[in-house]
Amino acid sequence: MPIEEALRIAEAAQLDLVEVAPNSNPPVCRVIDYGKFTYERTKKEREARKAQKKVEVKEIRLRPKTTEHHRGFKVRDARRWLQEGKKVKVRVRFRGRERDYPELALEDLKEIAEELQDISVIETAPAFEGRTLLMVLAPGDGN
């Protein structure tokens, strides 16, 4: 119907003419109370945000010189977090000349990934980010 006629109907009902689907062909308009319309829309958006699942990211920090024993504690924590559905960021921080031997840290990260492969998948492969080597593990079946 013509816009003028729709506006006349809305004015007669003492309501507003609101375009609810501007992308459709032809655009769809409704005669409703605009305040109520915006309130309902924000309420739906708020509910949608509430329903979203937030994935928490936990981090374990290591050094190239971290011993096998201490790494075991960290891996155990990472396993618990992965079972809870959290992602785990494994960071190996280099200081000084340690930066010249990244293969040591890569080996550590590979061993950690192997230990946790039954409950996780590698989301981000080991990569340098400044003075740190970073890998992200996500919960998964591991296969």
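Placing unit charges on each Cβ (+1 for Lys and Arg, -1 for Asp and Glu) gives the chain a dipole about its Cα centre, and among Ser120, Leu82, His70 the Cα reaching farthest toward its positive end belongs to His70. DSSP beta bridges confined to the chain are antiparallel in about 75 percent of cases. Shape summary of region 3-51, radius of gyration then Dmax from alpha carbon positions: 13.2, 41 Å. Among the GluC sites (Glu not before Pro) in region 66-115, those placed in a DSSP loop whose Cβ has at most 11 other Cβ atoms within 10 Å are Glu84. Between Arg93 and Gln117, the FRET efficiency estimated from the beta carbon spacing at R0 = 25 angstrom works out to 0.60.
Exceeding 22 Å between C-alpha atoms, which entries from my cross-link table qualify? They are Lys53/Lys74; Lys65/Lys89; Lys43/Lys87.
Working: Lys53/Lys74 26 Å; Lys65/Lys89 19 Å; Lys43/Lys87 30 Å.
Too far apart for the 22 Å limit: Lys53/Lys74; Lys43/Lys87.
As a calculated quantity, the FRET efficiency between Lys54 and Glu129 at R0 = 30 Å, using C-beta atoms, amounts to about 0.85.
Region 1-103: which trypsin sites (Lys or Arg not before Pro) are DSSP loop and have at most 13 other beta-carbon atoms within 10 angstrom?
Values: sites: Arg8, Arg30, Lys36, Arg41, Lys43, Lys44, Arg46, Arg49, Lys50, Lys53, Lys54, Lys58, Arg61, Lys65, Arg71, Lys74, Arg76, Arg79, Arg80, Lys86, Lys87, Lys89, Arg91, Arg93, Arg95, Arg97, Arg99; in loops: Lys53, Lys54, Lys65, Lys86, Arg95.
Passing sites in region 1-103 are Lys53, Lys54, Lys65, Arg95.
Output the direction-averaged projected area (hull surface divided by four) of the convex hull of the alpha-carbon atoms of region 57-139, in nm².
Details: hull surface 18.9 nm².
Averaged projected area of region 57-139's Cα convex hull equals 4.7 nm².
The calculated FRET efficiency for the pair Arg80 and Lys43, based on their C-beta separation and a Förster distance of 30 Å, comes to about 0.20. Reported to two decimal places, what Rg/Rh ratio describes region 1-93 when computed on Cα atoms with Rh from the Kirkwood expression? Computed over Cα atoms, the ratio is 1.49.
Any read-out appearing in this document is the output of simple, stated calculations on the displayed coordinates, not a laboratory observation. Source: prediction; values computed, not measured. Here Cβ is always computed from backbone atoms with ideal geometry, including for glycine, and neighbour counts include all displayed protein chains.
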